[in-house]
Amino acid sequence: MGALQENLGANQAGESRPRTLGEVLYATASSAPASEQEWFGLVRAIAAGDQVALQALYERSHRLVFTLLMRLTGRREMAEELTLEVFHDLWRRAYRYDPGEGTVIARLMNQARSRALARLRSEQRKKDEKAEFEDERQALRTALDALAPEERQAIEAAFFSELSHAEIALRLNQSVETIGARIGSGLHKLRQALAEGRGKP
Amino acid sequence: MTRVLVIDDNDDFRKLALLWFQIHGIEAEGAANGAQGLELQRARPATVIVTDIFMPEKEGIETIQDLRREFPETKIIAMTGREALTDYDVFQVAREVGAIKTLKKPFKLDDLVAVVKELSP
């Protein structure tokens, strides 16, 4: 807060007014770019493959990006991972940066925000998906428990490990016909068990 | 004979659905994305295709369009559980490009089996 007040005080004394949050936060750092032109100069250098420029831009802006990501996700590990993703994206796509589309910091912050929201949405979706079809999963677990071990083994290999009959036969040292028969009888028993579970004959 | 192709990037759902179909005597095969689904359909055509609408690689609407173009006789069921980010009605779009039925997850797998049987020749 003291630094910010110092900056504001400097403005009142007639010095140039900071125009971006980055300029305010890094006003005391002598290596910070003083203008948007310099920020964009770094981006252009990054687009040309200059790793030192990437490091310089990272040093000047990663705290802002990380802070935003921490605020959006509330999780340090995720914020750290997404921060790296934002700069990795900058490294790969710097050539697309157009100064007409906003400041470099604003672009980085937008990128961070959309990545955080996408990650949070994806996590929520996975949670929702795990909760879906729970009745069926439970019924299936109960029905699988009633199978002979060799039938269950063959069915689990075919449907959960997604192996072909030939692959299962090789793995279990059985003939393909035997595996086919075990899967067939297992499926028949599962059908009966699920029907009984629903109260059907 | 009814043969179903399930296209969904959610492995858990796809495996469960495939097993559920087989338990009910319906031959079924699965693909994790639209491109893989198209390849499988070309290799071993299904009579009914159940596809998720939101998928990486090749998403559902585009997949439905391509399937409809190449396999006009195949019945397509579009499904999703994801809430649309806007008022854009993905089910309506899915129907417009060729889905004959739409289902919102979660549904009962028995209901999915019933719909497939209803659509089967």
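Computed from the coordinates by the stated procedures, all read-outs in this text should not be read as laboratory data. Since the structure is predicted, the reported quantities are computational estimates derived from the model, not experimental observations. Positions of Cβ are backbone-derived with ideal geometry, glycine not excepted, and every protein chain shown enters the neighbour counts.
Principal axis extents of the Cα atoms in region A:65-148, from largest to smallest and rounded to whole angstrom, are 66, 26, 18. Count the net charge of all other residues whose Cβ sits under 14 Å from the Cβ of residue A:96, scoring Lys and Arg as +1 and Asp and Glu as -1. That works out to +1. For A:185, A:35, what ranking results if the residue with the fewest other Cβ atoms within 10 Å of its Cβ goes first? Placing the least packed residue first, the sequence is A:35, A:185.
Ratio of region A:29-177's C-alpha Rg to 2.2 N^0.38 Å, to two decimals?
Rg over 2.2 N^0.38 Å, computed on Cα atoms: 1.72.
From the alpha carbon centroid of region A:77-116 to that of region A:157-201 is 49 Å.
So what's the back-of-envelope 222 nm ellipticity for the protein assembly as shown, counting only DSSP H runs of four-plus at -39500 (n - 2.57) apiece and dividing by all residues, rounded to 500?
Values: 15 runs with 203 residues, N = 322.
Here the helix-only value at 222 nm equals -20000 deg cm²/dmol.
Across region A:91-134, counting alpha-carbon atoms alone, Rg and Dmax equal 16.1, 51 Å.
Could you please report the charge total around residue A:153, scoring K, R as +1 and D, E as -1 over all other residues with beta-carbon less than 11 angstrom from its beta-carbon? Intermediate values should be presented prior to the final figure.
Details: positive: A:152, A:171, A:182; negative: A:150, A:151, A:156.
Local net charge: 0.
Straight-distance candidates among the lysines for linking to residue B:75, with alpha-carbon spacing under 27 Å and chain neighbours fewer than 8 residues away dropped: B:15, B:58, B:101, B:104, B:105, B:108, B:117.
When chain B is treated as a GNM with alpha-carbon contacts under 10 Å, the residue of B:78, B:43, B:32 showing the greatest mean-square fluctuation is B:43. A crude spin-label estimate for the pair residue B:54 and residue A:91, with each label 7 Å from Cα along the Cβ direction, gives 3.0 nm.
Taking Cβ atoms as reference points and 15 Å as the exclusive limit, the residues near residue A:53 contribute a net charge of +1, counting Lys and Arg as +1 and Asp and Glu as -1.
Under the rule a/c < 1.5 gives rounded, and otherwise a/b versus b/c splits prolate from oblate, where does region B:1-68 land using the Cα gyration tensor? Note, shape of region B:1-68 comes out oblate. Please report the base-10 log of the normalised intensity I(q)/I(0) for chain B, using a Debye sum with one equal scatterer per alpha carbon and no solvent, at each q in 0.13, 0.18, 0.21, 0.22 (1/Å). Ignoring solvent entirely, the Cα scatterers give -0.43, -0.86, -1.21, -1.35.
Stokes-Einstein diffusion for the protein assembly as shown at 4 °C, viscosity 1.567 mPa s, with a Kirkwood radius from C-alpha pairs, works out to 54 µm²/s.
Can you compute the FRET efficiency between residue B:12 and residue A:192 using 1/(1 + (r/R0)^6), with r the Cβ-Cβ distance and R0 = 25 Å? Round to the nearest 0.05.
Working: r = 24 Å, r/R0 = 0.98.
For R0 = 25 Å, the calculated efficiency reads 0.55.
Fewest first, what order do A:91, B:20 take by the number of other Cβ atoms within 10 Å? Please report the intermediate quantities before stating the final value.
Numbers: A:91 15, B:20 23.
Taking fewest neighbouring Cβ atoms as first place, the list is A:91, B:20.
For the pair residue B:68 and residue A:38, a Förster radius of 41 Å applied to the C-beta separation gives a FRET efficiency near 0.15, rounded to the nearest 0.05.
Please report A:58, A:95 as a ranked list, fewest other C-beta atoms within 10 angstrom at the top and most at the bottom.
Values: A:58 19, A:95 11.
Taking fewest neighbouring Cβ atoms as first place, the list is A:95, A:58.
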